[in-house]
Amino acid sequence: MICQSQIVTNNSLILGIDTSCDETSVAILKNGKEVLANVVSSQIALHQMYGGVVPEIASRAHTERIVPVVRLALKEAACRYQDLTGVAVTTTPGLIGCLLVGLSYAKSLSYSLNIPLTAVHHLKGHLMSAFLEHDPVYPFLGVVVSGGHTAYYFVRNFNDIELVGTTVDDAAGEAYDKVAKLLKLGYPGGPLVDSLAGEGNDKRFTFTRARVKKGPYFLSFSGLKTAVAQLVRQFDGNDATFIRDICASFQKEVSEALGEKIEMAAKEFGAMAIVLAGGVACNSRLRSKLREVSDKLAIPLLVPSPLNCTDNAAMIAYVGARQIDEGMIGALDLNAEASTPLSIFYSQR
Ligand code: KG4
Ligand code: ZN
């Protein structure tokens with residue numbers, strides 16, 4: 001097991017920004033590791049009535065919130081604009097209008113303070129987020145499960161990341177949100193399904209696991225969502241435990257399907273740890289399933305606390321601090337991109 005030493009960013013104070021989706025987040029990170037502030041302004045209340053994120057509303061809210069959120073982060077960190085030594089910002093993947101708000105703000109800060117700017121891939125932020133709280137262990141199998149992504153990577157070191165597998169259709173969080181919508185539970189659905197599942201019978205409904213032609217590490221959740229939709233259509237309204245049992249059975253299937261792939265990949269690639277991140281990493285059943293897998297393989301499971309699992313800027317500042325240290329500095333003509341794979345993003349720089 002290799003425990004790589006921490007980043008050598010002494011005396012650095014990096015401001016991180018993430019506006020990739022529906023959270024305006026700004027963090028301040030000292031010396032590459034110490035989180036002085038990690039402010040997350042959630043827009044859930046603005047999107048709830050639509051049952052999902054409305055991109056135009058999200059980007060408008062980021063525009064209104066970015067300056068107050070930066071001020072709040074500086075206040076929490078007890079520092080001034082002039083103390084900052086660099087800016088890190090998510091430039092992909094995400095909603096393009098939302099990404100552009102964070103990027104434009106980051107550029108203006110970098111220009112006016114004459115400090116370096118670095119572009120961070122959002123998924124690299126998620127992959128490294130556990131190291132805000134745990135010492136890095138390489139090589140690890142990094143699992144990102146969120147509303148927009150379900151992917152796992154073999155991470156040999158900070159700059160050597162290989163994609164192992166993904167969902168070929170819905171992301172795990174997206175499947176949770178869609179099932180919650182079918183059951184009229186509200187948005188975002190993941191936490192609601194998770195808590196109802198705890199009271200339900202996970203053996204009542206069984207689902208056929210999709211086999212994906214693309215390869216053994218790929219998975220699919222769209223058939224599962226369709227199977228739930230069919231059960232919901234048959235629901236006669238007089239079944240007191242139907243919703244809880246659907247939640248429990250669905251949650252079991254998602255966790256088992258992910259667990260199966262992750263165990264296989266961790267074993268075959270020789271991972272020394274499993275690192276879990278993204279909003280769905282908060283899920284109780286997935287956590288216990290992966291704990292079971294990590295015990296079986298006798299390797300640690302590293303999971304960040306809930307604030308660092310969901311979208312946040314501390315993970316962006318963490319990756320950014322290291323990138324600035326390594327000289328990966330962006331120019332003011334940097335652009336945002338809706339969806340660039342990790343490997344392509346970093347090979348271009
Ligand atoms: O990482 P995240 O904050 O944003 C994206 O980048 O997508 O993840 C949000 C997703 C949503 O789909 C939400 O329903 C899901 O994470 N989520 C959960 C739980 N908490 C959040 N899914 C299942 N169980 C949970 N406890
Ligand atoms: Zn995310």
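The values are calculated or read from the model by the stated rules, or taken from the named source; none is laboratory data. Every value quoted in this text rests on a predicted model; they were computed, and no experiment measured them. Virtual Cβ from ideal backbone geometry, glycine too; neighbours counted across all protein chains shown.
Taken over the stretch 64-93, the criterion of being in a helix (DSSP H, G or I) and surrounded by fewer than 17 Cβ atoms within 10 Å (Cβ to Cβ) is satisfied by 64, 67, 68, 71, 72, 75, 76, 81, 82, 83. Could you list, in sequence order, all residues of the stretch 292-325 that are more than 24 Å from residue 25 (Cα to Cα) and part of a loop (DSSP other than H, G, I, E, B)? The answer is 298, 299, 300. Set side by side, the residues 208, 167 differ, and just one is out of contact with any Lys or Arg (no Cβ under 9 Å at 6 or more places or on another chain) and within 15 Å of ligand 1 (Cβ to nearest atom), which is 167. Scanning the stretch 278-301 for residues that are more than 16 Å from ligand 2 (Cβ to nearest atom) and in contact (Cβ under 8 Å) with a residue 40 or more places away in the chain, which turns out farthest from residue 257 (Cα to Cα)? Taking the candidates together, the pick is 300. Just one of (1) assigned to a loop (DSSP other than H, G, I, E, B); (2) surrounded by fewer than 22 Cβ atoms within 10 Å (Cβ to Cβ); (3) in contact (Cβ under 8 Å) with a residue 24 or more places away in the chain fails for residue 47. It is (1).
Among the residues of the stretch 231-261, the one identified as touching a residue at least 12 places away in the same chain (Cβ under 8 Å) and not in a helix (DSSP H, G or I) is 241. Of the residues in the stretch 125-135, none is in contact with a strand residue (DSSP E or B) (Cβ under 7 Å, 6 or more places away or on another chain), crowded, with 23+ Cβ neighbours inside 10 Å, small (Gly, Ala, Ser) and assigned to a strand (DSSP E or B). Here residue 114 does not fit the description of being at pLDDT 95 or above, over 30 Å from residue 197 (Cβ atoms) and either acidic (Asp, Glu) or not assigned by TED's automatic domain parsing to the domain that holds residue 336 (or both). Residue-level check: of (1) at pLDDT below 95; (2) surrounded by fewer than 20 Cβ atoms within 10 Å (Cβ to Cβ), residue 22 misses just (2). Annotation note: of 272, 264, the sole residue that is outside any strand (DSSP E or B), over 30 Å from residue 69 (Cβ atoms), free of Cβ contacts under 8 Å to residues at least 60 places away in the same chain and among the hydrophobic types (A, V, I, L, M, F, W, C) is 264.
The rows are residues; the columns are (1) more than 16 Å from ligand 1 (Cβ to nearest atom); (2) surrounded by 22 or more Cβ atoms within 10 Å (Cβ to Cβ); (3) at pLDDT below 95; (4) assigned by TED's automatic domain parsing to the domain that holds residue 99.
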| position | (1), (2), (3), (4) |
| --- | --- |
| 280 | no, yes, no, no |
| 292 | yes, no, no, no |
| 313 | no, yes, no, yes |
| 328 | yes, no, no, yes |
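For residue 228, the conditions (1) of a type outside the set (Phe, Trp, Tyr); (2) free of Cβ contacts under 8 Å to residues at least 60 places away in the same chain; (3) surrounded by fewer than 19 Cβ atoms within 10 Å (Cβ to Cβ); (4) part of a helix (DSSP H, G or I) all hold with the exception of (3). Residues in the stretch 175-190 include none that are among the basic types (Lys, Arg), more than 19 Å from residue 284 (Cα to Cα), within 13 Å of ligand 2 (Cβ to nearest atom) and out of contact with any Pro (no Cβ under 8 Å at 6 or more places or on another chain).
Tallying residues that are surrounded by fewer than 17 Cβ atoms within 10 Å (Cβ to Cβ), farther than 27 Å from residue 163 by Cβ and touching a residue at least 12 places away in the same chain (Cβ under 8 Å) within the stretch 192-217 yields 6.
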